[in-house]
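Each remark here refers to the structure printed beneath this line.
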Amino acid sequence: MKKENISQRLFLLLVFFVSFIFLGLIKEFSLGIFWAVVLSILFSNSHSKIFNRMRKKPNLAAALTLSGILVVVILPLALLSVAVTNETIHLIEDLNKSKISLREIFGDLEHWASPYLRKIGFTYANIESIVSDFALDSSGLLGSKVLGYTSNIFNTLFQIAIMLYVLYFFLRDGNDIKKSIIKNFPLLNSIEYRLFNRFTNVTKATVKGSLLIAILQGVLGGILFSLIGVKGALVWGTLMILASLLPVGGIIVWGPIAAIYCYQGQYMQGVIIILVGSLLIGLLDNFLRPRLVGNDTKLPDYIILISTLGGISWFGLSGFVLGPVIAALFITCWKIVGETYGRDQKTI
């Protein structure tokens, strides 16, 4: 074996080893860095407009853009998180104080069902106890999650600080960083540009399109719940935002609430929720998504659902962006493989 080959292989091993160690070093801050990348992409046009007016002051341009992001994104999210946490705690306290009674919920059904329940060894008292324990356990679990998030407030603030710090440099030096990656990464430049563009397009589509639609649906849902008199309207509206990020939509939140109102005989409230949920909130998705997301960057619904759920499972809330992005890059990579090595050279 030639000395040159040995030297090249040893150098490649060194490169992979150092890269592996470096990725391990920044692992704890990876989500903060990812969101810095996402925000730099989303606000790239705004930064370009600011930079064009002060080309000789790139530091000031990046600082002004960063200040705008703080006011428009970070501060409202912080205020919303505090409000939702407080209201969730109040909901849990109310649930713990309340006594769940199946007689109040199902009324005359008890008289009809009692003989059949006794045959299988159950009574209404047993079922009431099971339901009450389940509700209390669920509220306790939710409460522990909320307290867990609040106890990690310093870690969250530290991650946000890392994100903002890195974001400043991504805004200021983003183009140079991109050119450096393309220059030094051992792939064809055409492939690298294609992957960069795919990452950028899917990120913009997911955040600017899906997230904006979800926020609008959640806000409308929260207003609707507040007007109807649903307890914890802010919490349910926030849950609608999360549900609207999935292809199934916010119906998994407002649907059960409407059903409960109808079952309790409050038909007017239930019908109002159904009409507003299906005609106004539901139509927002059909009307706005094609305009905000665009057909070129959309993934099949089943891919979006699977990748979003998988992303949330792996990365937490950040997975609603990371999941579809990884799925899009996966599909793009295999398309490139098919175009490069497949028998049929036509684009899939």
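For the reader, a short list of remarks on this structure follows.
- Across the stretch 187-348, the relative contact order, built from alpha-carbon pairs under 8 Å that are at least six residues apart, equals 24 percent.
- Per residue, the convex hull spanned by the Cα atoms of the stretch 156-255 measures out at 136 cubic angstrom.
- In units of the rule-of-thumb radius 2.2 N^0.38 Å, the stretch 187-348 shows an alpha carbon radius of gyration of 1.27.
- Between the stretch 154-171 and the stretch 10-76, the alpha-carbon center distance in angstrom: 9 Å
- Our coupling estimate for the stretch 196-212, obtained by passing each phi through the Karplus curve with A = 6.51, B = -1.76, C = 1.60 and θ = phi - 60°, is 4, 5, 5, 4, 5, 5, 5, 4, 4, 5, 5, 7, 5, x, 4, 5, 5 Hz, Gly and Pro reported as x.
- Residues Lys27, Lys56, sorted so that the one with the fewest Cβ neighbours within 10 Å comes first: Lys56, Lys27
- Cα-Cα over 29 Å, subset of Lys179/Lys335; Lys27/Lys208; Lys27/Lys57; Lys49/Lys178: Lys27/Lys57
- Whole-Hz ³J(HN,Hα) from phi, Karplus 6.51 cos²θ - 1.76 cosθ + 1.60, for the stretch 167-173, glycine and proline x: 4, 4, 6, 5, 5, 6, 10
- Length released on extending from Phe287 to Tyr302, taking residue separation times 0.36 nm less the Cα-Cα span: 3.4 nm
FYI, it's all coordinate maths here, none of it is from the lab. Note that this is a predicted model, so its numbers are computed, not measured. Neighbour counts run over all protein chains shown; Cβ positions are idealised from the backbone, glycine included.
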